[in-house]
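The values are calculated or read from the model by the stated rules, or taken from the named source; none is laboratory data. The model shown is predicted, which means the values in this text are computed figures rather than measured ones. Here the Cβ is made from the backbone with ideal geometry for all residues, glycine too, and neighbour counts use every protein chain on show. For the accessible areas, the whole protein counts, side chains as well, though only heavy atoms, and no ligand, DNA or RNA atoms are used. Shrake-Rupley method; radii C 1.70, N 1.55, O 1.52, S 1.80 Å.
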Amino acid sequence: MLYTYHKDEIEEAYIVWQSRMSLPKNLKHYPELLEKELTQGKKTIIPLYERGEYSLKEKFFNKQHCLLAYYVKPKGEEDYYIGDNPDFPPYFLKFDTSGKIIDSLSLNIAEEQKREFYIKNKYIIDTYTLSYSTWAIDGNPEFRPMKAIEGTDFWKEDDVESYISKNHLPTPTCYKIEVNNIKWRPDKQKYYTTFDNESIIVFIQDEKPHYICSTHYISSFKDTFFERTPVFPLFMKLGADDFYYSDFQSTYTRRKILPQYFLVEKAFDEGGEGKLFMQLRFNNASISFKADTYMWTSEGIALKTPTYYLTKGNEELEKFEKVDLYSNQLLQYQLLSITGQLYMVK
């Protein structure tokens, strides 16, 4: 039997073979960073992006400098679409400044009551019961009713914008929340059209969530997680690709992230997928490992791209390719992001 190989397949196989043969012997013992804790000497890396069958959906800090992590169980591939699984209750974990879990909140979902939760400016919003909790702010788990703006059933987009302008509400505090098509609400008054999804507008006024609910589809306002005044501004850039390099200082001198070698396992264009062998170096300890990631360029594969740094107040963010390390003088741990997957380094 004869096999036909294309030129690009031969070149890719050669790149992968050459990369494997060039792996320095002293790196071959590096452990792989997976879903379990990794400990070396004084340092431990703890995965936060997954906990059992649950995945991390949101992360933010409150004014007490506690890290809040929101976990949901994603729908399986058999559902053919992406989203949260309504049959499994989401939950929060609260970490203190030492990285210890000090509190948790399970958002119970009754079988006949498919509640949906959103986090807006640290308020936990339940769009089924139109209620909110301030647990992430003050530890109170109680859900209280949001205040409805009356007479909005048939408002159109211009009406919403006019109300916001008239009441001097800055638009960054207003959030459009997509909700599933539910024909009735607990107040028996808010009806929805037959579209697959509708939306409500939630805004914060007098430290309390209010909402506007209309039968008209409202397309304005970003349906995104957004903090009006983040406690730690640089933390918001952790793991994000949409940052401006002009804000950062670049250097080829490595500080805490020390890339050692990139092992190409699949080549494409000028870059490739594979494992980055690296070391994290701190004042009193270091930890070495390898992790899955990718590089877009041949310079990245050769580890010839710069490291970017940004410092603001107590915060420092260090970026090398798809590896981010967040440090904060008010915290006794660091946060590590590799290709969007979050870890705590203690």
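Odds and ends about this structure:
- Residue count for segment 283-337, restricted to those that are more than 18 Å from the chain's Cα centre (by Cα), hydroxyl-bearing (Ser, Thr, Tyr) and open to solvent by 10 Å² or more (accessible area, probe 1.4 Å): 8.
- Identity of the residue in segment 253-269, open to solvent by 30 Å² or more (accessible area, probe 1.4 Å) and not in a loop (DSSP other than H, G, I, E, B), that ends up nearest to Ala285 (Cα to Cα): Gln260
- Subset of segment 100-119 [aliphatic (A, V, I, L, M), at pLDDT below 70 and over 19 Å from Gly52 (Cβ atoms)]: Ala110
- Residue match in segment 98-117 (condition: within 19 Å of Cys174 (Cα to Cα) and outside any loop (DSSP other than H, G, I, E, B)): yes
- Candidates are the residues of segment 23-59 that are β-branched (Val, Ile, Thr) and out of contact with any Gly (no Cβ under 9 Å at 6 or more places or on another chain); the one that is least open to solvent (accessible area, probe 1.4 Å) is Ile45.
- So Met278, is it in contact (Cβ under 8 Å) with a residue 12 or more places away in the chain and among the hydrophobic types (A, V, I, L, M, F, W, C): yes
- Some residue of segment 278-287 being within 27 Å of Ile15 (Cα to Cα), part of a strand (DSSP E or B), modelled with pLDDT of 95 or more and not small (Gly, Ala, Ser): yes
This table checks each residue for (1) in contact with a Phe, Trp or Tyr (Cβ under 9 Å, 6 or more places away or on another chain); (2) open to solvent by 70 Å² or more (accessible area, probe 1.4 Å); (3) of a type outside the set (A, V, I, L, M); (4) at pLDDT 80 or above.
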| residue | (1), (2), (3), (4) |
| --- | --- |
| Cys174 | yes, no, yes, no |
| Ile182 | yes, no, no, no |
| Glu207 | no, yes, yes, yes |
| Cys213 | yes, no, yes, no |
| Ile218 | yes, no, no, no |
| Glu227 | yes, no, yes, no |
| Lys237 | yes, no, yes, yes |
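- Each residue in segment 120-150 was checked for being at pLDDT 80 or above, farther than 15 Å from Cys174 by Cα and open to solvent by 20 Å² or more (accessible area, probe 1.4 Å), and 11 of them qualify.
- For segment 64-74, the set of residues classified as within 19 Å of the chain's Cα centre (by Cα) and open to solvent by 30 Å² or more (accessible area, probe 1.4 Å) consists of His65, Lys73, Pro74, listed by residue number.
- The lone exception for Thr97 - which of (1) under 21 Å from the mean Cα position of the chain (by Cα); (2) modelled with pLDDT under 95; (3) of a type in the set (Ser, Thr, Tyr) it fails: (2)
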